[in-house]
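Below is one structure, written out as structure tokens; comments come after it.
The values are calculated or read from the model by the stated rules, or taken from the named source; none is laboratory data. The shown structure was predicted, so the numbers you read here are calculated from the model rather than taken from an experiment. Glycine gets a Cβ as well: all are built from the backbone with ideal geometry, and neighbour counts include every protein chain shown. When the accessible area is computed, the model is the full protein with side chains, heavy atoms only, and any ligands, DNA or RNA have been set aside. Shrake-Rupley method; radii C 1.70, N 1.55, O 1.52, S 1.80 Å.
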Protein chains: 2
Amino acid sequence: MAPPPPSMSPRMTVLILRVLTFAFLLISIVILTTNTSTLEAGDAEFKIRFKDVYSYQYMLAAIVIGMAYTILQVALTLNHIVKRNAETSGDGNLVFDFYGDKVISYILATGAAAAFGATNDMKPLLALFGFDNFVSKGYASASLLFLGFVCTAILSVLSSYALPKKV
Amino acid sequence: MAPPPPSMSPRMTVLILRVLTFAFLLISIVILTTNTSTLEAGDAEFKIRFKDVYSYQYMLAAIVIGMAYTILQVALTLNHIVKRNAETSGDGNLVFDFYGDKVISYILATGAAAAFGATNDMKPLLALFGFDNFVSKGYASASLLFLGFVCTAILSVLSSYALPKKV
């Protein structure tokens, strides 16, 4: 029987971080898109949805891009594992990982920041109209997106170290 | 007479990008901190300052951190040049550059995103009260911060490529 590996392989660490990123983004998008509050004042009815907040629209775009990229990366990794050429990946893939992780981590960071910024500054006004629940869900969704960003930022550090040397 | 170098040295490119970052952040902070609008309605007077917007407070913190880091990096580079050991910098410095550029670029990106998000979503309300000028200056300041982020993101790519290999 072969002895267990002394530490987790880098490829497995990366895979776990990608799955974590996907999980955080999935929960974030579910909370975001189901975030609706209704205020009844006599005969009138006021409804607020995530689409009414520009920053939440950008946030949605950021999450969708992040999820698509993560699915692509997991598929590429599984393809490598199935083909058993795990240790012979070309330099092109490492460069793609580097720029991909970098750009996607910026997109996720700005999505979370825009959502936090807008939620924080609209909070007094929204609370005035009794939309506290809408605000809470906005924070929850942005927090999960932030956790997804943290995973991608760690992946970006790892893919920077894996970068092939020029010259 | 020595022939001119065929292309700009990497150290000079980095120095130019740092000076550009500093210039963008400096103009951004000046526009941000002088952004005040007053609305006179009969006897009443309403004043809005950048401090009244939470996202602008975070933006200010991001710019200050970015400027401090950039000054430190320029000082370190000039110190290297003066000591004429430009080509013998240790690995520790390269690792500091890598993590520094990475973290600062995230801070600048989130500062700009929070400001854009909040400005965009408060725009209708602020315009209603005649604070259009306040909104315009908010956008101008956030745009300059974004340009500062772009410079730092390029620096982060450069410092990733310069990263020493971990065996």
* **Stokes-Einstein translational diffusion, chain B - Kirkwood Rh over all Cα pairs, 1.002 mPa s, 20 °C, in µm²/s** => 121 µm²/s
* Asked: Tell me, what HN-Hα J-couplings in whole Hz come from the Karplus equation 6.51 cos²θ - 1.76 cosθ + 1.60 at θ = phi - 60° for each residue of segment B:59-76, using x for Gly and Pro?
  -> 4, 4, 4, 4, 5, 4, 4, x, 5, 4, 5, 5, 4, 4, 5, 5, 4, 4
* In Å² (nearest 100), what accessible area is buried between A and B, both sides summed, heavy protein atoms only, 1.4 Å probe? -> 2500 Å²
* **Note, ³J(HN,Hα) from phi for segment B:95-108, Karplus 6.51, -1.76, 1.60, rounded to Hz, x at Gly and Pro** => 5, 4, 4, 4, 5, x, 4, 5, 5, 5, 5, 5, 5, 5
* Once the whole set of protein chains is in place, how much accessible area is left on B:ASP132, using a 1.4 Å probe, in Å² to the nearest 10? -> 80 Å²
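Under a Cβ-only charge scheme (Lys and Arg +1, Asp and Glu -1), can you give me the dipole magnitude of the protein assembly as shown about the Cα centre, in debye to the nearest 20? Could the numbers behind the result be given before it?
Working: 24 positive and 20 negative charges, 263 e Å.
Computed about the Cα centre, the dipole is about 1260 debye.
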* Given the C-alpha centroids of segment A:23-72 and segment B:22-64, what is the distance between them in whole angstrom? -> 29 Å
* To do: Could you state the angle between the C-alpha long axis of helix A:10-33 and the longest principal axis of the C-alpha atoms of chain A, as a value from 0 to 90 degrees rounded to the nearest 10?
  => 10 degrees
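What whole-number value in Å² describes the accessible area per residue of the protein assembly as shown for a 1.4 Å probe? Mind dumping the intermediate values first?
Details: 17720 Å² over 334 residues.
Spelled out: the 1.4 Å probe surface of the protein assembly as shown, per residue, equals 53 Å².
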* **Cα-projected label distance for B:ILE65 with A:LEU78, points at 7 Å along beta-carbon direction, nm** => 3.7 nm
* **Shortest-first distances to equivalent copies, position B:LYS47, nm, label 7 Å out along Cβ** => 4.3
* **Cβ-vector label at 7 Å, B:TYR139, separations to other copies in nm** => 3.1
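Given the -39500 (n - 2.57) contribution per DSSP H run of 4+ residues, what per-residue ellipticity at 222 nm results for chain B, rounded to the nearest 500 deg cm²/dmol? Spell out each step's value before the answer.
Working: 4 runs with 122 residues, N = 167.
The helix-only estimate for chain B comes to -26500 deg cm²/dmol at 222 nm.
Sort B:TYR69, B:TYR139, B:TYR56 from largest to smallest accessible area, using a 1.4 Å probe on the heavy atoms of the protein chains.
Sorted by accessible area, descending: B:TYR139, B:TYR69, B:TYR56.
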* Portion, in percent, of the accessible area of chain A that falls on carbon or sulfur, probe 1.4 Å -> 69 percent
* Within chain B, how many lysine pairs that are 8 or more places apart, or on different chains, have C-alpha atoms less than 23 Å apart? -> 7
* Asked: What figure in square angstrom, to the nearest 10, would you give for the accessible area of A:MET12 with a 1.4 Å probe?
  -> 80 Å²
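Partner chain Cβ atoms within 10 Å, averaged over the residues of A:104-112 - can you pull that number for me? Can you show the working numbers first?
Working: counts 0, 4, 8, 2, 0, 6, 11, 3, 4.
Counting other chains' Cβ atoms within 10 Å and averaging over A:104-112 gives 4.
What is the magnitude of the charge dipole of segment A:10-161 about its Cα centre, with +1 placed on the Cβ of each Lys and Arg, -1 on the Cβ of each Asp and Glu, and no other charges, expressed in debye to the nearest 20?
Details: 10 positive and 10 negative charges, 88 e Å.
In debye, rounded to 20, segment A:10-161 gives about 420.
With the alpha-carbon atoms as the only input, what is the per residue convex hull volume for the protein assembly as shown in Å³?
Numbers: hull volume 58.7 nm³, N = 334.
Dividing the Cα hull volume of the protein assembly as shown by its residues yields 176 Å³.
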* Using only Cα atoms, find the angle between the long axis of helix B:132-161 and the longest principal axis of chain B, and express it within 0 to 90 degrees, rounded to the nearest 10. => 20 degrees
* To do: Run through the other copies and list how far each one's label point is from that of A:ILE16, in nm with one decimal, shortest first; the point sits 7 Å from Cα along Cα-Cβ.
  => 4.4
* **Where labels lie 7 Å past Cα in the beta-carbon direction, separation of B:VAL30 and A:LEU26 in nm** => 5.1 nm
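Ordering B:SER141, A:SER136 by how much accessible area each has at a 1.4 Å probe, largest first, what is the list? Display every interim value, and only then the final one.
Working: B:SER141 0, A:SER136 65 Å².
Most to least solvent-accessible, the answer reads A:SER136, B:SER141.
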* B:TYR161, B:TYR58, ranked by accessible area, largest first (probe 1.4 Å) -> B:TYR58, B:TYR161
* Asked: Distance from the Cα centre of segment B:101-167 to that of segment A:99-114, in angstrom?
  -> 12 Å
* Any chance you could check segment B:116-133 for residues losing 50 Å² or more of accessible area when the partner protein chains are in, compared with the chain on its own (1.4 Å probe)? => B:ASP121
* On the full set of protein chains, 1.4 Å probe, figure out the accessible area of A:VAL150 and give it in Å² to the nearest 10. => 50 Å²
* Structure fact -> Taking the dipole of the protein assembly as shown about the Cα centre (Lys, Arg +1; Asp, Glu -1; charges at Cβ), the one of B:LEU26, A:SER143, A:ALA68 that reaches farthest to the positive side is A:ALA68
* Structure fact -> Along the dipole axis of segment A:101-167 (charges at Cβ: +1 for Lys and Arg, -1 for Asp and Glu; origin at the Cα centre), the most positive-end residue among A:ILE154, A:ALA118, A:PHE131 is A:ILE154
* GNM on chain B, C-alpha springs below 10 Å: top fluctuator among B:ILE104, B:ILE154, B:ILE81? -> B:ILE81
* Structure fact -> Expected sort for A:16-23, B:107-114 on mean C-beta neighbours within 10 Å, highest first, is B:107-114, A:16-23
* Structure fact -> For segment B:148-163 the residues that are at least 20 Å² less accessible with all protein chains than alone, 1.4 Å probe, are B:PHE149, B:VAL157, B:SER160, B:TYR161, B:LEU163
